[in-house]
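Structure first, then comments.
The values are calculated or read from the model by the stated rules, or taken from the named source; none is laboratory data. Quick caveat: nothing in here was measured; it's all calculated off a predicted structure. Neighbour counts run over all protein chains shown; Cβ positions are idealised from the backbone, glycine included.
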Amino acid sequence: MNPREHAAFRILAMAACLACGSQVSHAAPFTIDQVLSAPFPSELITSPTGNKIAWVFDTRGVRNIWLAEGPEFKAHQLTNYTGDDGQEITNLSWSADGGTIAFTRGGEANGRGEFPNPTSNSAGVTEAVYVVPAAGGEVRLVGTGNSPSVSPDGKTVIYINHGQIWSAPLDGSKPAQQLIKARGTAEDVRWSPDGTLFAFTSARGDHSFIGVYNLATRDLRFLDASVDRDGNAAWSPDGSHIAFRRIPAARSFYDHPARPSAVDPWSIRVADVKTGAGHEIFKADPGAGSAVRDMVADNQLFWGAGDRIVFPWERDGWLHLYSVEMGGGTALLLTPGDFEIERAVLGTDRASVVYSSNQGDIDRRHLWRVPVGEAKPVALTHGDGIEYGAALVADKTTIAVLHCDARLPARPAILSADGNLRDIAPETMPADFPGGSFAVPQAVMISSADGMQVHGQLLLPAGYDKAKKYPAVVFFHGGSRRQMLLGWHYMFYYHQAYGFDQYLASKGYLVLSVNYRSGIGYGLDFREAKDYGPNGASEYNDVIGAGLFLRSREDVDPARIGLWGGSYGGYLTALGLARAGVAWHGGEAVPLRRITAKRLSAEWSAGALELRAPDAAGASAALERWYRSEARAALEAAIDRQAPALGVAPTTIAVRDQRTRWGSCSARGTLSFSWRLLLAPSWVLEDVVCHELCHLRVANHSQAFWRLFAAHRPGVDSRPWLRAHGGELAAYRPADSIGSP
C-alpha cells in the first residue's frame, strides 16, 4: 500500500498555517473583534422572593451586575464599573427580601498572596466583598474576602477572609469582625433555615470537619467528627439535621485499565445538629463510582421533599442523579441512560431537580426536570440550541436560563411553562455581531490511530466549494476535563476559542475541533481512558487520528494542516509538534509511532509507520532500513517505467548513502543512487533516474546527452530544486524523526 495514503499531516506551527491560508471571498467579512464583541453572561441567580434575576455580563472585559424583574423581565445594568481591569465579579448572593445583592469583586490570591492585577495598577488590587441595592444606588465595601452569604433575616452577611469567617451588618452600621478563630480553612458556609446557625467546612489538609456555629451563644460544634474529609453540608428543612458527604482519608487510586476507584468508597451521613451524633445513610459501591465525581451545582447534596437526599453518582459509568431516604436504604437512580448530567438545581418546592444533560444529544446540553423520588425525567428544552445554568424564579413556574447555539453566543433568557425561550437582554447584542455569517458545526466521528472512536465538530470554510482543497486547522481544547459542543460554549475561554475557530473558517480554513479521550461528556471509561496523560499519553492517538481524518477528505490540502490549543490543548499541540515524529516519502510526511521491542522492525499499522526497537538508536536504525528499502522499490519502479523507452537496461542497481551525488552511472552499467532521493518529491526522483539512464547511452554531458534527456523529460529539470534543498536532504538524519515511545 502506498505510504502516502497513510500520512497523517505535515505538522505546521499555527503562524505558518495562517500564512499559507487561502483567502476565500465572503459576502460579509468580519473581524476577530466583532466575533468576540458580545457580552458573556455568568453567575445567574434568582431572588428568594420578588421574581428578580441577576447575572454578570463581561462586555469586552468590563464586568458588571445586571438585573431583571418579572413579569416583564426588562434588563438593566446595576453596577457601573467601566474599566477592562481583569477584576472578576463572582459569588452573587441575594438577601431574603430581594432588596440587596452581595458579591465578590477581584480574583483569588496566588500562593504568594498576590491578587490578579493584569493592568499593573500601581495602587494595587484585592479581593473584596461588596453589597449593592437591587433598586440601584451606591456599591458599598463590606470587607476584604470572598464568598458572601446573606442571613435569612436579611440583617447579616458572612464571608471568608484568609480562610476565616467574618461577619458584618448588611446595612453597614458596624464594621466587619471575625466570628471564629479556629484551626483550618473555612469553606462552604451555609445558613440554617431560621438563620440562628450556620454550617461550614473546616478544611485541615488531609481531613476536614463539618462545623456548626450558634450566633446567639457563639458556640462552635463539629458534627460526627473523624479523620476523613467531610463536606457539602445540606440542612434539613426544619434545621434539625445536616446531611454531608464523607470521603475517606485514604487517597484514591486508578485501577487500570480504565476505572478509577477508591480504597474505601465515599459515603453520605446525616448528623443531629443538637447532639452532633451521625450515622451513614449511603455508601458507594466498590469499583465504578467509588471515587467522587462532582456535578456543577451550589452543593453536591440536595435535601429534597419527603426527606430524600439527592446526589450525583457514577455507579454505571455515567454521572447521574440518585436519591436516598434520610433514614438510609437503596439509592434510586433518577436519570437512567447513557448520558451525563452536568448542572443541577433543587426546585423551590424541593419536590424536583432541574438539570442540564446531553441525553439524546451528546454534543449539546438541554434542560430536564425529575422528581426527587421517581425516575421520571421530563425534557424542558430540545432542538439545536444549548441550554444550561438554570435558576428557578420564586413564582415556581418560571425558569431563568443561559443559552446559546451555533450562531449566537450565551445570553440570559426566560423559559416559560410552554417551553419557549425569550431572551432577557437582546439589546446588548452588538448590531454588527456577525452570527449570521457563521458556519454551523457538523458532528463527525474520528477513528484514532489505535481504533478508538472520538467525537469532533467540523466547520466548513466560508464560500465552501467541495471541488476545492482548503487548508485545515485542528483545535484541541484544554482541561482535559472539557467537551467542545455543536455551538458556542458555556465557559468563557472556550467561548472565545469557538469564536476564533469561526474566524478561521471565515478566512478559508476547514476547522476540526477534537473531543479527545480523557474529556467529559462520554462516560467514565472515555474520561479515564487507558494510559492517558502521564501514564502514556494515549490521547496522542487522537491527534494522529485527526490528521488522518482530514487527509482522507477530498476538500483538504494535505500539505497545509495546522493545529492549535491552549493549556492541555497546548500540550497536545506541542506533542504533535515534538513527538509526532515524521518520516518523508516522495516529499510528503509519514507519521511515526515508536514501540519498545527487542527486535528491529518497521511496518504500517493503524495509519502510521510503526517502529519497533529497544531504544532510540534502534528505532533510528530501523527507520534507515525502511528508507533504503522504500528507496530501492521506488527507484526500481522508476527504472522499469523509463528504461524501455530509452532502450537501455542497467546491470546493477545500488542504493547508497551518497550526500554529494544523487546518482551515478559506471562504465559497467551499474547505477548508484542515494536513498535520500526518497525524501524529495517523486518527480525529482524520476528526473534523477532518467538522467542516469541517459548516461547508459551517452556517458558524458555533451549536447547529445542533453538532447536525449530533454526528449524524455521535456520541460523538467530537477537541478534547481536540488541546489535549493539538497543541503537539507544531506543534513537529515533518521534520528531527527525519532520521538519518545
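Structure notes:
The rows are residues; the columns are (1) closer than 16 Å to Ala391 by Cα; (2) surrounded by 18 or more Cβ atoms within 10 Å (Cβ to Cβ); (3) outside the structural domain of Ala439 (by TED's automatic domain parsing); (4) modelled with pLDDT under 95.
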site: Thr46; (1), (2), (3), (4): yes, yes, yes, no
site: Asn64; (1), (2), (3), (4): no, no, yes, no
site: Pro71; (1), (2), (3), (4): yes, no, yes, yes
site: His76; (1), (2), (3), (4): no, no, yes, no
site: Gly83; (1), (2), (3), (4): no, no, yes, yes
site: Gly99; (1), (2), (3), (4): no, no, yes, no
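- A residue that is touching a strand residue (DSSP E or B) at 6+ places or on another chain (Cβ under 6 Å) and under 28 Å from Pro441 (Cα atoms) cannot be found anywhere in region 321-334.
- Of all residues in region 488-510, exactly one satisfies the criterion of being part of a loop (DSSP other than H, G, I, E, B), under 22 Å from Met445 (Cβ atoms) and more than 14 Å from the chain's Cα centre (by Cα), namely Tyr509.
- Tally, over region 89-121, of residues that are of a type in the set (Asp, Glu) and within 22 Å of Gly61 (Cα to Cα): 2
- Every residue from region 116-143 that is touching a Ser or Thr at 6+ places or on another chain (Cβ under 7 Å) and surrounded by fewer than 16 Cβ atoms within 10 Å (Cβ to Cβ): Thr126, Pro133
- Matching strands (runs of 3 or more DSSP E) fully within region 642-741 where at least 3 residues are outside the structural domain of Gly536 (by TED's automatic domain parsing), aromatic (Phe, Trp, Tyr) and surrounded by 15 or more Cβ atoms within 10 Å (Cβ to Cβ): none
- Among (1) touching a residue at least 24 places away in the same chain (Cβ under 8 Å); (2) over 29 Å from Ala410 (Cβ atoms), the one test that Val454 misses: (2)
- Counted residues, region 532-575 - those being within 30 Å of Pro312 (Cβ to Cβ), part of a loop (DSSP other than H, G, I, E, B) and in contact (Cβ under 8 Å) with a residue 60 or more places away in the chain: 3
- Scanning region 146-161 for residues that are touching a Gly at 6+ places or on another chain (Cβ under 6 Å) and farther than 12 Å from Ser192 by Cβ yields Tyr159, Ile160, Asn161.
- Residue in region 206-221 that is under 37 Å from the mean Cα position of the chain (by Cα), modelled with pLDDT under 95 and surrounded by fewer than 16 Cβ atoms within 10 Å (Cβ to Cβ) present: yes
- The set of residues from region 538-557 being within 14 Å of Tyr516 (Cα to Cα) and among the hydroxyl-bearing types (Ser, Thr, Tyr) comprises Ser538, Tyr540.
- Residues of region 437-471 satisfying the condition of being within 19 Å of the chain's Cα centre (by Cα) and not polar (S, T, N, Q): Pro441, Ala443, Val444, Met445, Ile446, Met452, Val454, His455, Gly456, Leu458, Leu459
- For region 657-672, the criterion of a residue being under 22 Å from Gly715 (Cβ atoms), modelled with pLDDT under 90 and under 47 Å from the mean Cα position of the chain (by Cα) is satisfied by no position.
- Residue ID - nearest to Ile247 (Cα to Cα), chosen from residues in region 291-311 that are within 25 Å of the chain's Cα centre (by Cα) and small (Gly, Ala, Ser): Ala291
- Beta carbons closer than 9 Å, at least 6 apart along the sequence or on distinct chains, pair a first residue in region 647-666 that is touching a residue at least 12 places away in the same chain (Cβ under 8 Å) and over 16 Å from Tyr627 (Cα atoms) with a second that is of a type in the set (D, E, K, R) and part of a loop (DSSP other than H, G, I, E, B) for Gly647/Arg697; Val648/Arg697; Thr651/Arg668; Thr652/Arg668.
- Condition met for Val189 (at pLDDT 95 or above, crowded, with 22+ Cβ neighbours inside 10 Å and among the β-branched types (Val, Ile, Thr)): no
- The residues of region 475-488 that are closer than 16 Å to Ala439 by Cα and crowded, with 22+ Cβ neighbours inside 10 Å, listed by number, are Phe475, Met484, Leu485, Gly487, Trp488.
- So Gly195, is it within 21 Å of Thr217 (Cα to Cα) and either part of a loop (DSSP other than H, G, I, E, B) or in the same structural domain as Leu220 (by TED's automatic domain parsing) (or both): yes
Per-residue answers, yes or no, for (1) of a type in the set (A, V, I, L, M); (2) within 25 Å of Ile45 (Cα to Cα):
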| position | (1), (2) |
| --- | --- |
| Phe302 | no, yes |
| Ala305 | yes, yes |
| Val324 | yes, no |
| Thr330 | no, no |
| Leu333 | yes, no |
| Pro336 | no, no |
| Leu346 | yes, yes |
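- Counting the residues of region 511-531 that are within 20 Å of Gly570 (Cα to Cα), outside any loop (DSSP other than H, G, I, E, B) and of a type outside the set (Val, Ile, Thr) gives 4.
- Among (1) more than 30 Å from Lys598 (Cβ to Cβ); (2) under 49 Å from the mean Cα position of the chain (by Cα); (3) assigned to a helix (DSSP H, G or I) - the single one Ala633 does not satisfy: (1)
- Which numbered condition Lys274 misses (of (1) part of a loop (DSSP other than H, G, I, E, B); (2) surrounded by 16 or more Cβ atoms within 10 Å (Cβ to Cβ); (3) not acidic (Asp, Glu)): (2)
- Residues of region 148-171 satisfying the condition of being under 26 Å from Gly83 (Cα atoms) and surrounded by fewer than 21 Cβ atoms within 10 Å (Cβ to Cβ): Asn161
- If you check Ala449, Ala467, Ala505 for being within 24 Å of Gly385 (Cβ to Cβ) and either surrounded by fewer than 24 Cβ atoms within 10 Å (Cβ to Cβ) or at pLDDT 95 or above (or both), only one passes: Ala505.
- The listed residues are Gly113, Gly86, Gly70, and the only one of them that is touching a residue at least 40 places away in the same chain (Cβ under 8 Å) and of a type outside the set (Val, Ile, Thr) turns out to be Gly70.
- You will find that of Ser290, Ser252, Ser267, Ser261, the residue that is modelled with pLDDT of 95 or more and among the hydroxyl-bearing types (Ser, Thr, Tyr) is Ser267 and no other.
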